Amino acid sequence: MAIFMDRHELTGTTAADVAEAHRKDLEIQDRYGVKFLTYWFDQRRGTAFCLMDAPDAETAQCVHREAHGFVAGEVVEVALSAVEAFLGRIHDPEPAPGQASGEVDSGHRAILFTDIVGSTAMTSRLGDRMATELVRAHDSIVHRCLSHSSGREVKHTGDGIMATFASTAAAVDCARTIQQEFKRYNRGNPEPLHVRIGLDCGEPVEDSNDLFGCTVQLAARLCAAASSDHILVSENIFREYGTADLFTHATRRRLKGFSKPVLAFQCDWADAGVKRQTKPQAPAARPH
């Protein structure tokens, strides 16, 4: 086995496209005895570089060809010592405390989006300075809830936050707590803050400290479709959470970017903190 680096000319391709292509490489690499170590993407120049451990250059190209068709224009063998000096490491890190050496992170994540309802009108009415203070109040509440639920902020969206969780249950419980905290906040403030929340779970693609893919897109669309002070979750969340008592008003919704209507559930948060019960089968959806 040797270490190879290749170069792709991908003008007009987005970072999300490249991240998805890398994910497809990882799905089939074992068939060819190849291990993709990392990649880089320069969107301004439209070039991508992959680093892999492979039997030979042609085998590495076969993975690209079968996975997504983005065949490299050039493949060169590189010295392992030079790569390690540049990257710091190219092998898997030591397991985290409490994690067995053979235990591998499945990559399964729950994605949560928050969005301040009416943020544009709020800024127009209150001015930039006051609106910024309210966004900070939103951020403080969400950050506090994330820290209590082992959630991690991925990025700020301007009027909301995108967060990720290793546990689907923790994500749902956090969403419910967030709505409870905003209800409490609004009782004592003349300028109330109302948020909507969307959640989905799956295996998003990670790149440059950001997450991409269908799971992220669906969570964002569900957030956008949710009403003020509501939580919308996907069918995946419903099935994984562990109780049906929280989920009502199952509807099929037409969401931007999705060719077919998506089954979504409204999540009740009125009794956040109540112990969860085992759930029955998903209810039949009604047209929306």
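The values are calculated or read from the model by the stated rules, or taken from the named source; none is laboratory data. Just so it is clear, the model here is predicted, and its values are computed rather than measured. As a convention, Cβ positions derive from the backbone with ideal geometry for all residues, glycine included, and neighbour counts pool all protein chains shown. The accessibility values were calculated without ligands, DNA or RNA, using every heavy atom of the protein model including side chains. Shrake-Rupley method; radii C 1.70, N 1.55, O 1.52, S 1.80 Å.
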- Item | Residue list for the range 240-288, filter: of a type in the set (D, E, K, R) and at pLDDT below 85 | Asp245, Asp271, Lys275, Arg276, Lys279, Arg286
- Task: Go through (1) assigned to a strand (DSSP E or B); (2) open to solvent by 20 Å² or more (accessible area, probe 1.4 Å); (3) hydroxyl-bearing (Ser, Thr, Tyr); (4) touching a Lys or Arg at 6+ places or on another chain (Cβ under 9 Å) one by one and return the number of the condition Thr251 breaks.
- Result: (2)
- Within the range 220-248, of all residues that are among the aliphatic types (A, V, I, L, M) and not in a strand (DSSP E or B), the one surrounded by the fewest Cβ atoms within 10 Å (Cβ to Cβ) is Ala224
- Message: Need pairs with beta-carbon distance below 7 Å; first residue under 16 Å from Gly46 (Cβ atoms) and open to solvent by less than 50 Å² (accessible area, probe 1.4 Å) and within the range 1-23, second in a loop (DSSP other than H, G, I, E, B) and not small (Gly, Ala, Ser); sequence gap 6+ or separate chains.
- Response: His8/Phe70; Leu10/Phe70; Ala15/Gln43; Val18/Leu10; Ala21/His68; Ala21/Phe70
- Of the conditions (1) open to solvent by 30 Å² or more (accessible area, probe 1.4 Å); (2) modelled with pLDDT of 85 or more; (3) within 30 Å of Ala169 (Cα to Cα); (4) among the small types (Gly, Ala, Ser), Ser119 clears all except one; give me its number. (1)
- Item | Matching residues, the range 136-172, being over 17 Å from the mean Cα position of the chain (by Cα) and surrounded by 15 or more Cβ atoms within 10 Å (Cβ to Cβ) | Ala137, His138, Asp139, Ile141, Cys145, Asp159
- Among all residue pairs at least 6 apart or on different chains, which show Cβ distances below 8 Å where the first residue, located in the range 138-149, is in contact (Cβ under 8 Å) with a residue 12 or more places away in the chain and the second is open to solvent by 80 Å² or more (accessible area, probe 1.4 Å)? Leu146/Arg152
- Query: Residue check: is Phe86 at pLDDT 85 or above, open to solvent by 40 Å² or more (accessible area, probe 1.4 Å) and hydrophobic (A, V, I, L, M, F, W, C)?
  - Reply: no
- Item | One residue from Ser228, Ser259, Ser234 being of a type in the set (Ser, Thr, Tyr) and under 14 Å from the mean Cα position of the chain (by Cα) | Ser234
- Check every one of the strands (runs of 3 or more DSSP E) wholly within the range 1-73 and list those with 3 or more residues that are farther than 24 Å from Val216 by Cα, in contact with a strand residue (DSSP E or B) (Cβ under 6 Å, 6 or more places away or on another chain) and not assigned by the TED database to the domain that holds Asn209. 2-9, 47-54
- First in the range 211-231 and within 17 Å of Gly158 (Cβ to Cβ), second anywhere and in a helix (DSSP H, G or I) and open to solvent by 50 Å² or more (accessible area, probe 1.4 Å), Cβ under 9 Å, 6 or more apart: none
- Scanning the range 36-62 for residues that are surrounded by fewer than 18 Cβ atoms within 10 Å (Cβ to Cβ) and charged (D, E, K, R), the one nearest to Phe4 (Cα to Cα) turns out to be Asp56
- Note on the structure: Checked the range 173-205 for anything over 30 Å from Glu20 (Cβ atoms) and open to solvent by less than 10 Å² (accessible area, probe 1.4 Å); matches are Arg176, Gln179, Phe182, Leu193
- Message: I'd like the residue in the range 63-81 that is buried (at least 17 other Cβ atoms within 10 Å of the Cβ), more than 13 Å from Leu10 (Cα to Cα) and hydrophobic (A, V, I, L, M, F, W, C) and, out of all such residues, is modelled with the lowest pLDDT.
- Response: Val75
